Amino acid sequence: MKKEELISFVLDNDDLDPITSACAEYLSCPLVVIAKSLAIISYSSSLIIPDFPWQNAVKRGYITLEFGTALNNWEYLRDQNSPMDCITVNQISQYRRRFYKLTYHGRFVGYLNIGELKRSLDSIKAEDINLVRSIIAKEVSMRRKFIKSTGTEEEVLISLINYEYVDRLHYLEMVKGTSFAKENDYRIACINIHHQGSYNAGEDTLKEKLQEFFPGSCIVVFDEIMTIAFTQADSILEDEQKMKKLTDFLTKVRMPLAYSEIFHDMFQAPAYKAQAMFALEHRPDQRIIIDYGEVQLLDLLYQVDRNKLANYCCPEIIAVHQYDEEHHSEYLKTIRAFIAEGGSSKMTASALNVHRNTLHYRLEQIEHLFQIDLSYTKMWTQYQISCDIMHILNH
């Protein structure tokens, strides 16, 4: 197909599928169009890659969460020596894939996967690729604009966290037919996926594993963050044994998780994602899972004028901070951990990754040097506030 023929065909059609097939014929390469939600929204039916990952993904209707996580680390994985902004993948099968971002009027709308079958990917001219990208990006954007309902929770969630709904009425129209249309006890969890992901394009093992812990959850990835919307009824947060299994799994894959408070209207998801993100960014080093409630006070203190914060800090904690600065000790960190763990020596030692004897020595030194008796629980709130203030003022 020639360029003029492709343009004429596009002008005469408004359906994404035949346009994708026409673009594939123009490039002489198989194409897959992937939405931001990782759903496969179109592919070339006449040109396909004859391997299991391609056929399985098309049948399933979305790419794996692991592969989507890899694409979300675009800057880390992009081809360094290519004049174009793309990621070439050789690890899936003998057939190479090359991924490009789709943008329309400066807004990211998805990915284009160009497969290598008979024609080498390296032989395709940049101007031809850019023409196809611009055509498909516009069609994807128009599809989202005029479609009455997205039909999937993933599309709704990705639109919510990207503030794509004009107002609540727009949201209510788009959420019809999904489980989000009714109120429930929701939480939002966030996982930092920076430098995470794999080229597993076959079975969606990561998603399946996460949904074992969060049954019925909705999971999307965007901007190097995995966002999970799950219902309190299906949660495992109150089950100590299941929480241990989740902690072990997240530790193994090195993916810290933070979760929000409960809310009832999914339209409020962005605010509760912000809670989870704050907790993720301010979690103690050794904690793999953290509840926003544990850092809610810190979040509140961040709203106070920094010039006034020091007035609310007790002098003993200021003295501890100054001592730590001069002697490179960790007494302030020890106080914060001890209070956060409810005074449990075992839990505090584990959180600090020190032996219990080391912890007991530190507690004795804290009392001896600063006259801070942590067995006196009535002072814990004041100490916690003061520790949080010192954290804010020095970060």
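Throughout, read-outs are computed from the coordinates displayed, never taken from laboratory work. All values derive from a computational prediction rather than experimental measurement. As a convention, Cβ positions derive from the backbone with ideal geometry for all residues, glycine included, and neighbour counts pool all protein chains shown.
With a Cα cut-off of under 22 Å and a minimum spacing of 8 residues unless on different chains, the lysine pairs in the range 3-146 number 12. Once the Cα-Cα distance is subtracted from the 0.36 nm per residue extended length, the residue 16 to residue 353 segment shows a gain of 115.9 nm. Pairs of Lys residues in the range 153-293, spaced 8 or more positions apart or belonging to different chains, with C-alpha separations under 18 angstrom: 9 in total.
Could you tell me what a quarter of the Cα convex hull surface of the range 3-146 works out to, in nm² with one decimal place?
About 8.4 nm², averaged over all directions.
Across the range 197-238 the C-alpha pair distances fall into 5 Å bins from zero in the proportions 5, 20, 27, 24, 15, 6, 2 percent.
Relative to its Kirkwood radius, the Cα radius of gyration of the chain gives an Rg/Rh of 1.07. Quick check: Cα centre of the range 78-93 to Cα centre of the range 286-312, how many Å? Here the two parts' Cα centres lie 42 Å apart. Counting only aspartates and glutamates at least 8 places from residue 308 when in the same chain, those with an alpha carbon closer than 17 Å to its own are 299, 388. Summary value for the chain: 13 percent relative contact order, contacts being C-alpha pairs under 8 angstrom separated by 6+ residues. Where q = 0.08, 0.10, 0.17 Å⁻¹, what log10 of I(q)/I(0) comes from the Debye formula for the range 238-395, counting one point per Cα? Values, matching the q order: -0.26, -0.41, -1.12. For the range 306-393, the percent of C-alpha pairs falling in each 5 Å distance bin, counted from 0 to the bin holding the largest distance, reads 3, 15, 27, 26, 19, 7, 2, 0.
Rounded to 0.05, the FRET efficiency of the residue 7 and residue 208 pair, given R0 = 35 Å and the Cβ-Cβ distance, is 0.25.
Listed by number, the DSSP H helices of the chain that run 24 Å or longer by alpha-carbon position along their axis and have mean Kyte hydropathy of at least -0.5 are 126-146.
With q set to 0.10, 0.21 Å⁻¹, the log10 of I(q)/I(0) for the range 153-293, from the Debye formula over equal scatterers at the Cα positions, is -0.32, -1.42.
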